[in-house]
Amino acid sequence: MTASPNVYLTGFGAYLPGEPLDADQIAQRLGAGARGAGLRSRVLAANGIRTRHYALDEQGAVTMLNEELAAAAVQEALKDRDLPLDAVSMLAAGTTQGDLLVPGFGSMVHGRLGGPPMEVLSAGGVCASSMTALAAAARAVRLGEHPAAVVVGSELVSRSLRQSRYEGDRSTFDAEFLRWTLSDGAGAVVLEPNPRPDGLSLRLDWTHLVSYAGERPVCMSAGGEPVAGQTWLDGPDVATAEQAGLIRLRQDVKALPALFRLGLREYMGLVRAGRFTPDGIDHVLCHYSAEHFRGEIFGLLREADLMIDEERWFTNLHTRGNTGAASIFVMLEEAWRTGRFTPGDRILLIVPESGRYSLAFAQLTCVAADDPASPVGGGEVARVAVHGDAATPPAAQLTGALPGARSASVGGTPSPLVAQDGDGELVRWTVLELARVWDDFERQVRSTALVRRIDTGTATLDDYRRLLVHLRQQVVEGGRWISRAASNFSVEMFALRSAAIKHAAEEHRDYQLLERDYCAVGGTIEQIQGARKNIGSEALSAYVFHQASQPDPVDLLGAMFVIEGLGAGLVLGWARALREQLGLREDQVSFLSYHGDADDAHFAELAHLLREALPDRAAAARVVRTAEVVARLYAMQLAEVDA
């Protein structure tokens, strides 16, 4: 076979075991202790699932294997395409938990199906594992290695959710959330290098998969803690691990908003790269675990001016439940079977996975049998890509992973630094470039050892004290360099001079608040006042004072973007995390809490100045460059806390 420019989804299948079960019936199948009734009611109300399917009988006994669910879905997809199993030479399977520990799930599904020898891929993970399988199979077909492949996502989680697994320990929301949200089912698709000759197909235009596990802690897990000696395999026997609750699936529900913000970042990056435009998408199929989260996702997209009209979104969560890795294919099969797609329609698939923060996207285009063999990703979508001065991108492309984007999950205040209808090319370019700077800066900050400990819940009281010590010098000098900048603005930049004077007056005593927090957590005033600046602080201070000493230092708007953005985007989260981890009072984290709230207002003023005070493209470029330098030096300052 030869390589193909395209790959097509030509057959669709789904299998959902048993009859649809309502809330009372699922409680009967799983068993429901009276102690957890309140949590169960809360979860069912939040997730919006009316019916779902379990491979359990009325007594809660397991009726099928996960591999059987997957095989049934594969057979349905092949039947839909009217292909025999012998025509397939690759099987890619994704699931959260197979029936056996060994061998791989894909091999077990192949064994259940029978058929000739073939390439088999078992994709591990959680909800995005089926998208990983899809991407791998698509590349193999496109390379000409297989004339046809089949991809399946399947879950049989109900057997792990029965009441017998939850005895002997008080119910927690993290465990009960998954218990009353997850469902059984399987979905499958057939891939070929050409469209089906007897009807419509879905051309796979591109896939985009990314993991943030290098930056983020575990969010959804089973099997204990990722620490030697604390996993389910480390004890004397499996029974001990189960008695300790290590086998239960758990979800850190409080951490889910961070996944949605990461999803917004990747979504924005795809728009910025020209992969798609929101108004060019006809259908969105997005996997989310609960109806409650749909509102949060929509809020973030609307806040960033990236929303795709709500009527274009399709879900069957309410009637099929959350089938994990199978969900995206179960949705796709129903949308296909019910005639939702017509030639030319573009379909966006989105699968956020909370296991350790992974995201998967794909775009499909509905085509007829005579679809021309055009280059993948070409045509209309590719022409919206913007790089530097090449073009002025649409307003919706100039938003995203900016500091204010976190506010939808913690307070609802929209980010002010987004492109608006009245903005000219200069402001639009600046906003886009600052979004890029912020994305890089947040990644640098989160990779520092101290911030990783805060994010993973392992920070100590000594960590917090050292953070305050190392922040103090920058805070002490912040009002000084802002005042120096104000004195160097000419009358032509009166607005910037006035804003700088006002800002310096508001912040020149903030270091006293920081010192009080330090003393409140066991430090002394002599210790914090006598500490010397670290290398990063020295470099940051020297740079901003030098810039502030130049005539009309408009580029310091870039420095303010980074520093105020840190407060608006990250610091309030640190305050909350440290309070929870260390049992601190509000008056012991007052500096971080104050800046987490106050910097939202400062950031709004900054956005106004960026729109009103940038005289030309050269000045805008200096703003962006200063933001890049300050971001790098600020991250160095945080890294040096552990030096």
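Side notes on the structure shown:
- The single condition among (1) surrounded by fewer than 20 Cβ atoms within 10 Å (Cβ to Cβ); (2) among the β-branched types (Val, Ile, Thr); (3) at pLDDT below 50 that THR399 does not meet is (1).
Per-residue answers, yes or no, for (1) surrounded by fewer than 23 Cβ atoms within 10 Å (Cβ to Cβ); (2) at pLDDT 85 or above:
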site: ALA539; (1), (2): yes, yes
site: GLN550; (1), (2): yes, yes
site: VAL562; (1), (2): no, yes
site: ALA568; (1), (2): no, no
site: LEU582; (1), (2): yes, yes
site: GLU605; (1), (2): yes, no
site: LEU609; (1), (2): yes, no
site: ARG617; (1), (2): yes, yes
site: ALA631; (1), (2): no, yes
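- Some residue of region 84-93 being closer than 20 Å to SER164 by Cβ and in the same structural domain as GLU145 (by TED's automatic domain parsing): no
- Within region 297-312, the set of residues being surrounded by 17 or more Cβ atoms within 10 Å (Cβ to Cβ) and more than 21 Å from GLY274 (Cα to Cα) comprises ILE297, GLY299.
- Looking only at region 229-287, and only at residues there that are touching a Lys or Arg at 6+ places or on another chain (Cβ under 7 Å) and either assigned to a strand (DSSP E or B) or hydroxyl-bearing (Ser, Thr, Tyr) (or both), the one that is farthest from GLY573 (Cα to Cα): HIS283
- Those residues of region 34-66 which are touching a His at 6+ places or on another chain (Cβ under 9 Å) and buried (at least 19 other Cβ atoms within 10 Å of the Cβ), in sequence order: ASN47, ILE49
- Of all the numbered requirements in (1) within 18 Å of the chain's Cα centre (by Cα); (2) farther than 24 Å from ALA186 by Cβ; (3) not in a helix (DSSP H, G or I), GLU296 misses one, and that requirement is (3).
- From the list ARG497, ARG472, ARG484, ARG465, the one residue that fits, being touching a Phe, Trp or Tyr at 6+ places or on another chain (Cβ under 8 Å), within 19 Å of LEU610 (Cβ to Cβ) and either part of a helix (DSSP H, G or I) or small (Gly, Ala, Ser) (or both), is ARG497.
- Yes/no for VAL157 being touching a strand residue (DSSP E or B) at 6+ places or on another chain (Cβ under 6 Å) and either of a type in the set (A, V, I, L, M, F, W, C) or outside the structural domain of LEU178 (by TED's automatic domain parsing) (or both): yes
- Among residues of region 69-82 that are in contact (Cβ under 8 Å) with a residue 40 or more places away in the chain and in the same structural domain as GLY153 (by TED's automatic domain parsing), those with a beta-carbon under 6 Å from a residue that is part of a helix (DSSP H, G or I) and of a type outside the set (S, T, N, Q) at least six positions away or on a different chain give the pairs ALA70/VAL109; ALA71/VAL109; ALA71/ARG112; ALA71/LEU113.
- Checking LEU91 against (1) touching a residue at least 12 places away in the same chain (Cβ under 8 Å); (2) in a helix (DSSP H, G or I), the condition it does not meet: (2)
- Yes/no for VAL210 being assigned to a strand (DSSP E or B) and in contact (Cβ under 8 Å) with a residue 24 or more places away in the chain: yes
- Qualifying residue in region 109-116 (condition: of a type in the set (D, E, K, R), out of contact with any Gly (no Cβ under 9 Å at 6 or more places or on another chain) and in a helix (DSSP H, G or I)): yes
- When ALA87 is tested against (1) more than 19 Å from ALA140 (Cα to Cα); (2) surrounded by fewer than 18 Cβ atoms within 10 Å (Cβ to Cβ), just one condition goes unmet, and that condition is (1).
- Tabulated pairs, region 489-517, first assigned by TED's automatic domain parsing to the domain that holds PRO551 and modelled with pLDDT of 80 or more, second surrounded by fewer than 19 Cβ atoms within 10 Å (Cβ to Cβ) and aromatic (Phe, Trp, Tyr), C-beta under 7 angstrom, 6+ apart or interchain: LEU513/TYR594
The values are calculated or read from the model by the stated rules, or taken from the named source; none is laboratory data. None of these values were measured; they are calculated from a predicted model. In this analysis, Cβ positions are derived from the backbone assuming ideal geometry, glycine residues included, and neighbour counts consider all displayed protein chains.
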